[in-house]
Amino acid sequence: MTELAQVSVTALKGVGEAMAEKLARVGLENLQDVLFHLPLRYQDRTRVVPIGALRPGQDAVIEGVVSGADVSMGKRRSLLVRLGDGSGSLSLRFYHFSNAQKEALKRGTHLRCYGEARPGASGLEIYHPEYRVLTGEEDIPVEQNLTPIYPTTEGLTQQRLRQLSQQALDLLGPRSLPDWLPLELAREHQLAPLDEAIRYLHRPPPDADLEELAVGHHWAQHRLAFEELLTHQLSQQRLRESLRAQRAPALPQARDLPVRYLDNLGFAPTGAQRRVGAEIAYDLSQPEPMLRLVQGDVGAGKTVVAALAALQALEAGYQVALMAPTEILAEQHFITFQRWLEPLGIEVAWLAGKLKGKARVSALERIAAGAPMVVGTHALFQPEVQFARLALVIIDEQHRFGVQQRLALRQKGVGGTMCPHQLIMTATPIPRTLAMSAYADLDTSVLDELPPGRTPVNTVLVVDSRRPEVVERVRAACAEGRQAYWVCTLIEESEELTCQAAQSTFEELTLALGELRVGLIHGRMKPVEKAEVMALFKAAELQLLVATTVIEVGVDVPNSSLMIIENPERLGLAQLHQLRGRVGRGSAASHCVLLYHPPLSQIGRERLGIMRETNDGFVIAEKDLQLRGPGEMLGTRQTGLLQFKVADLMRDADLLPAVRDAAQELIQRWPGHVTPLLERWLRHGQQYGQV
Ligand code: ADP
Ligand code: MG
């Protein structure tokens, strides 16, 4: 039987060119990809729930008879349909509806609906349920298995993904998808066969433990996470070995430039900056390539450390490349480095994707001719970018870059034979216990001290029914000459919906705060548009910025002192911490309002409580690890330390010791299994993270 990894998705029924392209967008090229494209969550459509037994927040199938349908005016016009089943009643609410739809939902109609019951103006309500009219003649069965909800992209429906996964599951077996975990290892670590785990996760039986699945501690998830983490270990070992075999330019400790730089800086480096700076300086003086990760909380001052490292290479006459994951961030670094280095007589060059035509050609020429300091985005990875004497690559916010990108840059070293040193900086706090596994191929330094004079951000929890008061608070802050962010969080894993929500929040706030200049920034805007909005906000031309989480990383506008985060319960703590790090950068007291939607679960309350209690990213990360709660972790994958498909380093921390042992054993006893595992798991894992 052919291995599913060799069979293109176009072999599936209903997949032509156009569909194959859409599938490629979510990384699905062959049938193995389809099988490893696992549901994000599940819906229980295996039984009809009596309306009287529904709890707020519950997703359920219900059936009932329409007792009336009215157009309600309220804040927004909507169609309100009353539905009862003898045990109770509720309302279906439609904001978008046609006349035909209204006609079809008249009194006496039998309906089966699916949706989330929420407390609303008229008691329990379901907004825009999926529904079908029951004629009473046919008997429509409920689902046999839990319904998977897959990660998707525009134009690719859940129904389609279910059909495709079903076709792939029909072909799944131990021969079509070889299990590379030797039986002995699987037994030792109590791991189920691969095909069983995959089948289970795509189509869990009705009695599956949904809570366990939601928190990722199901045996089927463990089986896959174990294999993925194992593969990750194996790949890091390989990287390390290949790196050890390479040479790098040994850069003598710099005497002149760092001294002049620090003299002009206007502040003294913290003890932590000095210590980490010295660790890096030593690495750079060695003939082996440095591969060092600097972890430092938001605002810890990583940029100064990067500059000190750069100066050592520059003083030795080499080139340095500094790369950031977004144009906004890269541009910020460009401005900073110009300000710092030009007084020292060092030219700073700029390269980003949006640089076109003549400007681009001239930038490429300058880089090839040896422009000493080059700042940019991942455009620096492109093959046509040739460095003359590259000795150091600095990457900011590492978790957004794949290993692949780091390897690509490695090829760009001096004369193509020497490997540049690499310095990687991340603000993602990783509990110390995990750092070693997360970055087994890197040495790590921790910037564990904030510069003096920071006022911690004061964080409060406010229920969203008090939104009008929060709006007034924004008005007051801006009236005092401050600036504010209003952050809209991810909805239903859909970027499209999230951007729409940001758009309507923008409209609402523009109306409510007529005297303020309000801006909008979200992921669907062009880089140029985003950059324009950011520039206006930075220049205080805009007072309030409505944003999606695109502003999460690195944006530095010290005059902003207030941040509102809507539905913070949808985000991971690490992401909330990153967001909050956008305020508290100036001398003014700063505030962060977490505008949550009730009801909060016990764990949800505790998690948000941590945000209120501490500003320390490491404490937050450790607590987050202890408090992982069902259904609360949406968004953590997106901010993940590394791009895993199934595993989550924090959640699966307890697997790591066994994974490390298994990796050793595999290498020694079954070396032939290493490459197939790497091929299975890493092909897509090495693409860019989402930006
Ligand atoms: P991050 O670690 O989040 O990248 P930055 O490098 O952007 O932090 O630094 C945040 C701010 O703190 C910047 O405005 C920077 O100039 C300032 N800063 C950095 N180090 C110090 C220091 N030792 N003393 C005072 N301010 C500092
Ligand atoms: Mg930074």
Practice task
Compute the signed sum of charges (Lys and Arg +1, Asp and Glu -1) over the other residues within less than 10 Å, Cβ to Cβ, of ILE126.
Solution key: -2
Problem - Cβ crowding within 10 Å averaged over residues, with 581-591, 293-303, 254-264 ranked highest first - result: 293-303, 581-591, 254-264
Exercise for the section: Return the long-range amide H neighbours of LEU545 (sequence gap of 5 or more, or a different chain), with a cut-off of under 5 Å between placed amide H atoms. Expected result: ALA484, TYR485, TRP486, GLY519
Fill in the blank from the handout: By the mean-Cβ-within-10 Å protection proxy, highest first, 272-285, 459-472 rank as 272-285, 459-472
Fill in the blank from the handout: The helix 158-171 Cα axis meets the longest alpha-carbon principal axis of the chain at an angle in degrees, between 0 and 90 and rounded to 10, of 80 degrees
Practice task
Using amide H atoms built 1.01 Å from N in the peptide plane, name the residues 5+ places from MET425, or on other chains, whose amide H lies under 5 Å from its own.
Solution key: VAL294, ILE395, ASP396, GLU397, GLN398
Fill in the blank from the handout: Once phi for every residue in the range 242-255 is put through the Karplus expression 6.51 cos²θ - 1.76 cosθ + 1.60 (θ = phi - 60°), the whole-Hz ³J(HN,Hα) values, with Gly and Pro written as x, are 5, 6, 4, 7, 9, 10, 9, x, 7, 9, x, 4, 7, 10
Problem - Heavy-atom surface of the chain, accessible at 1.4 Å and reported per residue (Å²) - result: 43 Å²
Problem - Whole-percent carbon and sulfur share, accessible surface of the chain, 1.4 Å - result: 51 percent
Exercise for the section: Return, ordered by residue number, the residues of the range 55-98 whose backbone nitrogen is under 12 Å from a label point located 7 Å along Cα→Cβ of ARG47. Expected result: 61
Completion exercise
Amide H proximity to SER561 below 5 Å, modelled H, separation 5+ or other chain, gives GLN483
Exercise for the section: Treat each spin label as a single point 7 Å out from the Cα along the C-beta direction, and report the ASP654 to GLU130 distance in nm. Expected result: 3.4 nm
Problem - Simple label model, 7 Å out from Cα along Cβ direction - LYS526 to LYS102, nm - result: 4.0 nm
Handout entry: Full-extension gain in nm, GLN500 to GLU3, via 0.36 nm per residue minus C-alpha separation
Key = 174.7 nm
Problem - For the chain, share of DSSP beta bridges that run antiparallel, in % to the nearest 5 - result: 40 percent
Problem - Karplus 3J(HN,Hα) series, Hz, for the range 583-593 with 6.51 cos²θ - 1.76 cosθ + 1.60 (x for Gly, Pro) - result: 10, x, 9, x, 8, 5, 5, 10, 9, 10, 9
Exercise for the section: Provide the FRET efficiency to the nearest 0.05 for the GLN190-LYS354 pair, computing r from the beta carbons and using R0 = 45 Å. Expected result: 0.30
Exercise for the section: May I ask you to rank LEU579, LEU364 by accessible area, largest first, using a 1.4 Å probe over the protein chains only? Expected result: LEU364, LEU579
Handout entry: Rh (Kirkwood; distinct C-alpha pairs) - the range 117-225, Å
Key = 17.2 Å
Problem - Calculated from backbone phi, Karplus (6.51, -1.76, 1.60) coupling profile of the range 526-538 in Hz, x at Gly/Pro - result: 5, x, 4, 5, 4, 4, 4, 4, 4, 5, 5, 5, 4
Exercise for the section: Determine which lysines satisfy two conditions relative to LYS75: a Cα distance under 21 Å, and not lying fewer than 8 residues away in the same chain. Expected result: LYS102
Exercise for the section: Using R₀ = 35 Å, calculate the FRET efficiency as 1/(1 + (r/R₀)^6) where r is the Cβ-Cβ separation of THR10 and GLN253; round to 0.05. Expected result: 0.05
Practice task
Quick one: angle between helix 467-479 and the longest Cα principal axis of the chain, in degrees between 0 and 90, rounded to 10, please.
Solution key: 30 degrees
Fill in the blank from the handout: With Cα coordinates, the longest principal axis of the chain makes an angle with the long axis of helix 617-626, in degrees rounded to 10, of 40 degrees
Exercise for the section: Return, ordered by residue number, the residues of the range 72-94 whose backbone nitrogen is under 15 Å from a label point located 7 Å along Cα→Cβ of VAL65. Expected result: 82-90
Handout entry: Length added when fully stretched, GLN163-LEU461, from 0.36 nm per residue minus Cα-Cα
Key = 103.0 nm
Fill in the blank from the handout: Here the Kirkwood hydrodynamic radius of the chain, Cα-based and in Å, equals 27.6 Å
Exercise for the section: Would you work out which of ALA250, LEU201, LEU234 lies farthest towards the positive end of the dipole of the range 190-271? Charges go on Cβ: Lys and Arg +1, Asp and Glu -1. Expected result: ALA250
Practice task
Evaluate the relative contact order of the chain (contact order divided by residue number), counting alpha-carbon pairs under 8 angstrom at least 6 apart; express in whole percent.
Solution key: 12 percent
Problem - Spatially proximal lysines relative to LYS526 (Cα-Cα < 19 Å; intrachain offsets below 8 disregarded) - result: LYS354, LYS356, LYS538
Problem - Cα→Cβ-extended label distance, 7 Å offset, between ARG454 and GLU613, nm - result: 2.0 nm
Exercise for the section: Compute the label zone of ASN559 within the range 519-543: residues whose backbone N is under 12 Å from the point 7 Å along Cα-to-Cβ. Expected result: 536-543
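The values are calculated or read from the model by the stated rules, or taken from the named source; none is laboratory data. Keep in mind it's a predicted model, so treat the numbers as computed, not measured. All Cβ positions, even for glycine, are placed from backbone atoms using ideal geometry, and neighbour counts span all protein chains on display. Note: accessible area is taken over every heavy atom of the protein model, side chains too, but ligands, DNA and RNA are not part of it. Shrake-Rupley method; radii C 1.70, N 1.55, O 1.52, S 1.80 Å.
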